[in-house]
Amino acid sequence: MSQLTIKVNGQTVHGNSREPLLNQLEKAGLQPEFQCRNGMCGACRCKLKAGAVNQDDVMAFVAPNEVLSCCSVPKSNLEIEFDYLLAENPQAEAANS
Ligand code: FES
């Protein structure tokens, strides 16, 4: 499945099964928190409410229902949730329009 949908904090964006979730959310104009982008810090963690991902081996602690968006590639349509409001990047929106 190449094209899929990602429902994030109630908002639906287009996604794919090739790129890390964090990159896809950024391309959709959202700005999840991150620091290392390689599974060390845990800043990009979010709850996986539905669907499945392939997650690389990571160093940061993640609860059983959480994934690190920088190291996780969607395997299916997803529903995820960050426990904070996601800022939107106006430049990404302009690039997509
Ligand atoms: S940004 Fe550090 S673990 Fe994802």
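The values are calculated or read from the model by the stated rules, or taken from the named source; none is laboratory data. It should be emphasised that the depicted structure is a prediction, and the values quoted were computed from it without experimental measurement. We place every Cβ from the backbone using ideal geometry, glycine too, and count neighbours over all the protein chains shown.
Residues that are in a loop (DSSP other than H, G, I, E, B), in contact with a helix residue (DSSP H, G or I) (Cβ under 8 Å, 6 or more places away or on another chain) and surrounded by fewer than 17 Cβ atoms within 10 Å (Cβ to Cβ): does the range 38-58 have at least one? Walk me through it before giving the result.
Step one: of the range 38-58, the residues in a loop (DSSP other than H, G, I, E, B) are 38-44, 51-52, 56-58.
Those still in the list that are in contact with a helix residue (DSSP H, G or I) (Cβ under 8 Å, 6 or more places away or on another chain) too: 38-39, 44, 56, 58.
Right, trim to surrounded by fewer than 17 Cβ atoms within 10 Å (Cβ to Cβ) and you get 38, 56.
Yes: the range 38-58 contains one or more residues that are in a loop (DSSP other than H, G, I, E, B), in contact with a helix residue (DSSP H, G or I) (Cβ under 8 Å, 6 or more places away or on another chain) and surrounded by fewer than 17 Cβ atoms within 10 Å (Cβ to Cβ).
Mind checking which pairs have a first residue in the range 53-70 that is in contact (Cβ under 8 Å) with a residue 12 or more places away in the chain and within 13 Å of the ligand (Cβ to nearest atom) and a second that is assigned to a strand (DSSP E or B) and charged (D, E, K, R), Cβ under 6 Å, 6 or more apart or different chains?
VAL62/ARG45; GLU66/ARG45; GLU66/LYS47; LEU68/ARG45
Cβ-Cβ under 7 Å, sequence separation 6+ or interchain: first residue in the range 1-20 and surrounded by fewer than 12 Cβ atoms within 10 Å (Cβ to Cβ), partner at pLDDT below 95. Which pairs?
What qualifies is ARG18/SER2.
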